[in-house]
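The values are calculated or read from the model by the stated rules, or taken from the named source; none is laboratory data. Please read these numbers as outputs of a predicted model, since none were measured by experiment. Using ideal geometry, Cβ is built from the backbone for each residue, glycine included, and neighbour counts are taken over all protein chains shown.
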Amino acid sequence: MAKDTKKESGKKKGEAIDAPPATASRLRAKYNDEIRPAVAKEFGVSNRMAQPELEKITINVNMGRHLDGTKIPPNIRQTVLDTLTTISGQKPMVLKAKKSVSNFKVREGYETAAMVTIRRDRMWHFLDRLMHLATPRIKDFRGLSRTSFDGQGNYSMGLTEQGVFPEINMAEVSFTHGMNINFRFANSNAKMSEFVLERLGMPFAKLDEK
């Protein structure tokens, strides 16, 4: 028993808590079979090593504003961690403040956020669910912003509540929270990343025809 406990405690933060997805992602196959050739034609980048590549997706939930004294209330903390575990399939890590900020009543060492970083097939499966199952459930959804890219082609978006993911049963949670989702690209810029995401199926807002 002691040996198993030691082994369990030695897991790295953010490590997968279950086996990798049993099936290969259809989005990853679509990217390799259809989008890579399209990128080569559109941008003249035929070398696969120089083409834009989605490296990882990071999901972050801010808990700092819910600080009660020196700690996050247990129900809020557990709800956030359960949400990130359920939608990502990985154990999230809790971030602590690196320095004190008096205006926000935060001191160094206080827990302020929870995050999880997903890569490879797990990342592609999450992206598939996000685009085709979660975003259509956003209230009054009219498409994602096309202006949230940075100079390196990374993209950021936000959700106001975790209930847009069908795997979250809102009847069983005691706290509603949003999250920030960041897409990290390599070898890219804003135009390339938008091109890749849109052809993968990202529901961006329609371009103004004017």
Kindly provide the set of residues from region 5-41 that are at pLDDT below 55 and either surrounded by 14 or more Cβ atoms within 10 Å (Cβ to Cβ) or small (Gly, Ala, Ser) (or both), ordered by number.
Ser9, Gly10, Gly14, Ala16
Does Ser46 count as within 30 Å of Thr112 (Cβ to Cβ) and either within 16 Å of the chain's Cα centre (by Cα) or at pLDDT below 95 (or both)?
no
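Rundown of residues vs (1) in contact with a strand residue (DSSP E or B) (Cβ under 6 Å, 6 or more places away or on another chain); (2) over 23 Å from Asp208 (Cβ atoms), yes/no style:
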{"position": "Met123", "(1), (2)": "yes, yes"}
{"position": "Met131", "(1), (2)": "no, no"}
{"position": "Arg146", "(1), (2)": "yes, no"}
{"position": "Asp150", "(1), (2)": "no, no"}
{"position": "Gly153", "(1), (2)": "yes, no"}
{"position": "Glu161", "(1), (2)": "no, yes"}
{"position": "Ile168", "(1), (2)": "no, yes"}
{"position": "Asn180", "(1), (2)": "yes, yes"}
{"position": "Ala190", "(1), (2)": "yes, no"}
Do you know which of the residues in region 192-210 that are of a type outside the set (A, V, I, L, M) and touching a residue at least 40 places away in the same chain (Cβ under 8 Å) is nearest to Met49 (Cα to Cα)?
Ser193
Do you know which of the residues in region 72-84 that are out of contact with any Asp or Glu (no Cβ under 7 Å at 6 or more places or on another chain) and either among the hydrophobic types (A, V, I, L, M, F, W, C) or more than 24 Å from Thr117 (Cβ to Cβ) (or both) is surrounded by the fewest Cβ atoms within 10 Å (Cβ to Cβ)?
Pro74
With the requirement that a residue be assigned to a helix (DSSP H, G or I) and either of a type outside the set (A, V, I, L, M, F, W, C) or under 22 Å from the mean Cα position of the chain (by Cα) (or both), what does region 81-105 give you?
Leu81, Asp82, Thr83, Leu84, Thr85, Thr86, Ile87, Ser88, Ser102, Asn103
When region 174-192 is examined, which residues are found to be β-branched (Val, Ile, Thr) and either at pLDDT 95 or above or buried (at least 18 other Cβ atoms within 10 Å of the Cβ) (or both)?
Ile181
Taking region 127-155 only, how many residues are of a type in the set (Ser, Thr, Tyr) and under 18 Å from Glu53 (Cβ atoms)?
1
Tell me, yes or no, whether region 70-80 has at least one residue that is more than 30 Å from Glu167 (Cβ to Cβ) and not in a helix (DSSP H, G or I).
yes
Select from region 108-148 the residues that are closer than 13 Å to Leu159 by Cβ and more than 18 Å from the chain's Cα centre (by Cα) and write down the one among them that is surrounded by the most Cβ atoms within 10 Å (Cβ to Cβ).
Phe141
